[in-house]
Amino acid sequence: MATLSVKPGQRFTVPDWHTNSHLISADAERQRSASHQVRQEARALRNETNNQAKWDEHNNQARLAERISSVNRWKETLDKCLADIDAEIDALAKVKEAAECALQAKNLPLDVSIECLTLRESRRAIDLVRDPVGEELHKEVKVIDKAKRELQQRVHEAFEQQCLLQEARQQLSCDHHCKMEALEIDRMSLSLSVNSPNISFKVNPTRVPDGSTAPDEWERTSQCNKEHAEAEMKASAELREATLLTIAQTNNELEAQRVATEFALRKRIRDLDGAYDELKWQEQNTLEEITEMEEDIRRLEEDLRRKIQDLKVAHTRLEMRMYRPSMELCRDQVQYGLTDEVHQLERTIRALKQKLAESQDALDGLYRQLHRVQTDTGYKANSLVLDNKCLDSRRKLVVPAEKFVPELDTFNRTTNRALSPPKSGQLELA
């Protein structure tokens with residue numbers, strides 16, 4: 001009888017064989033389940049990160065646009081302020097020149113008065129008396145000397161005010177230049193995208209650069225520059241008014257009050273106009289947000305309807321499988337999977353309904369806010385119309401000053417001319 005050439009290996013029992021098969025199947029099923037879980041988590045992570053990245057980019061785009069709008073509003077304010085201060089500098093220079101001419105013109109009357117006094121000293125004997133003519137001549141000399149001192153003081157004050165205006169203008173010009181550069185940089189940043197050719201990784205881009213300022217400090221600086229320039233312009237206007245009124249011998253207090261009131265009214269109109277523009281901007285953004293929210297609600301409702309249909313399908317499958325015959329009515333993996341799907345869909349539907357209710361509440365809040373913004377916009381528009389009517393009515397106060405000072409209009413900083421009637425419905429701002 002032939003013998004085996006190789007020693008037989010270890011022999012296993014049939015239960016061992018079955019156990020090994022079951023272990024392999026269980027390990028395979030567990031590995032598939034783990035793989036499925038990883039895939040689902042990866043998909044969820046992809047969706048979450050994509051959504052987060054899109055929202056972050058959208059929010060930063062909106063922030064950049066809002067920042068550009070804020071800087072541009074300040075740039076326009078500084079543009080107007082620079083134009084006003086340039087006009088004020090020119091006007092003050094003309095008034096200073098007028099005061100210098102008036103000062104120079106006082107030399108001849110003074111010379112004549114002194115000459116008359118000198119001639120009268122040649123009187124002799126009893127005629128060398130202190131008569132009213134001499135008294136009037138001495139008084140005339142004193143009046144001319146006083147006028148020259150006052151005019152010299154006005155010229156000196158005008159020169160100092162010119163220096164202050166130039167200093168304020170330098171600050172405004174520097175601030176305006178910085179804002180122009182910031183606008184260019186932010187607009188370039190806003191135009192960047194993933195397809196831009198000049199994007200790259202940078203070294204420590206999140207560092208805080210030296211000299212950084214807080215938004216409050218940034219706005220406070222521009223506000224201070226603007227207020228400083230307005231204060232200097234107001235001081236210059238008052239000085240011009242006082243100088244012209246010194247030359248014309250008119251009432252200084254009344255005119256100064258008129259200038260101050262006109263200045264405050266024009267400033268109020270600018271503030272109302274800025275508030276009106278801000279409200280219109282808010283109204284536009286709110287309408288855009290309402291449109292986006294309504295679209296998101298529509299998508300939520302569509303997702304909810306689809307999930308309800310999916311739940312119906314899962315319910316139907318479970319119900320149909322209830323009628324399997326005899327031993328086929330077993331709780332297999334399909335049964336467990338369908339049950340889990342039903343539970344998951346029910347949770348999803350509850351979450352979607354809750355989010356839909358929250359979205360609807362947010363939409364209602366947006367509509368309420370839109371109503372408030374539109375109402376306040378109407379208030380601001382009405383206030384602008386009323387304040388501009390007041391400004392037009394106050395033009396009549398310039399007429400008396402023009403009669404005494406025909407060379408220069410002290411408020412409008414222009415040569416006197418007839419006022420043209422404003423157009424119907426036109427808002428005239430300083």
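Worth a mention:
- Residues in the stretch 142-165 that are charged (D, E, K, R) and either open to solvent by 60 Å² or more (accessible area, probe 1.4 Å) or under 26 Å from Asp86 (Cα atoms) (or both): Lys142, Lys146, Arg149, Glu150, Arg154, Glu157, Glu160.
- Tabulated pairs, the stretch 198-218, first more than 18 Å from Ala182 (Cα to Cα), second open to solvent by less than 90 Å² (accessible area, probe 1.4 Å) and part of a loop (DSSP other than H, G, I, E, B), C-beta under 9 angstrom, 6+ apart or interchain: Asn198/Leu192; Ile199/Leu192; Ile199/Ser193
- Residue count for the stretch 355-394, restricted to those that are basic (Lys, Arg), modelled with pLDDT of 60 or more and open to solvent by less than 70 Å² (accessible area, probe 1.4 Å): 1.
- Condition broken by Gln309, with the remaining ones in (1) more than 30 Å from Glu289 (Cβ to Cβ); (2) in a helix (DSSP H, G or I); (3) open to solvent by less than 80 Å² (accessible area, probe 1.4 Å); (4) without any contact (Cβ under 8 Å) to a residue 24 or more places away in the chain satisfied: (3)
- Conditions (1) free of Cβ contacts under 8 Å to residues at least 12 places away in the same chain; (2) part of a helix (DSSP H, G or I): number failed by Cys330: (2)
- Residues that are free of Cβ contacts under 8 Å to residues at least 40 places away in the same chain and either under 36 Å from the mean Cα position of the chain (by Cα) or outside any helix (DSSP H, G or I) (or both), drawn from the stretch 144-166: Glu160, Cys163
- Hey, Ala26 surrounded by 10 or more Cβ atoms within 10 Å (Cβ to Cβ), under 60 Å from the mean Cα position of the chain (by Cα) and in a helix (DSSP H, G or I) or not: no
- Qualifying residue in the stretch 54-64 (condition: of a type outside the set (Val, Ile, Thr), in contact with a helix residue (DSSP H, G or I) (Cβ under 8 Å, 6 or more places away or on another chain), in contact (Cβ under 8 Å) with a residue 40 or more places away in the chain and within 30 Å of Lys179 (Cβ to Cβ)): yes
The values are calculated or read from the model by the stated rules, or taken from the named source; none is laboratory data. What you see is a predicted model; the values in this text were computed from it and never measured. No Cβ is skipped: glycine too gets one built from the backbone with ideal geometry, and neighbour counts run over all protein chains shown. These area figures cover heavy atoms from the full protein model, side chains too; ligands, DNA and RNA do not enter into them. Shrake-Rupley method; radii C 1.70, N 1.55, O 1.52, S 1.80 Å.
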